[in-house]
Amino acid sequence: MSFATETTVLIVQVAASAALSVASIYAGVKAFDWFTKGIEELKEIKKGNVAVGIVLGAIVIAISLMIAGGIARFAAGLSVDAPIADLLWGAFWNILLVVFRLVVAILTIFISFAVLDTLTADIDEVKELKRGNVAIALVIAAVVLAVSMLMASALG
């Protein structure tokens, strides 16, 4: 394979992976926003609410951890050595894999929140986040990140 061909393949892999990554993170953050009624995360961040920023940052990292393997597989499947039909078919299946991982990530984060909410029944997490309670934000972030790391290894 020539240098120009290798460079083109690399550029396509990076661009396609970046697009898929950004779309996945966007979808995950939007899903989180939809799940958390009573708080508008972007408005809180604009107001400088560090607690909400911590939790949203943890959500982004958690989603990234869980979809990373799918993105890597997608990029590796983009090669000029394969016939175009095989390339397209492989890309389709690998995109489905990323979507599956994204759904698992969103559900895992939602379930983590539900379990934490049950364990801390006397604390209204959303209200505390709106107040800027960094302590609760750190606990939520730790739970989300811990569960996502475990799920990422389970997803392989």
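Among the trypsin sites (Lys or Arg not before Pro) in the range 29-81, which ones are in a DSSP loop with at most 14 other Cβ atoms within 10 Å of the Cβ? Mind listing them? If you can, show how the numbers build up before the last one.
Values: sites: LYS30, LYS37, LYS43, LYS46, LYS47, ARG73; in loops: LYS37, LYS47.
Here the trypsin sites (Lys or Arg not before Pro) that fit, given the DSSP loop and packing criteria, are LYS37, LYS47.
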Checklist entry - Among GLY132, GLY48, GLY77, which one moves the most in a GNM of the chain with springs linking Cα atoms closer than 10 Å? => result GLY48
Checklist entry - For Cα Rg over 2.2 N^0.38 Å, which listed value, (1) 1.43; (2) 3.48; (3) 1.24, comes from the coordinates shown? => result (3)
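Give me the net charge of LYS127's neighbourhood, meaning all other residues with Cβ under 13 Å from the Cβ of LYS127; Lys, Arg count +1, Asp, Glu -1.
-3
Bear in mind these aren't lab numbers, they're just calculated from the coordinates by the rules spelled out. Computed from a predicted structure; not experimentally measured. Neighbour counts are summed over all protein chains in view; Cβ atoms, including those assigned to glycine, are modelled from backbone coordinates with ideal geometry.
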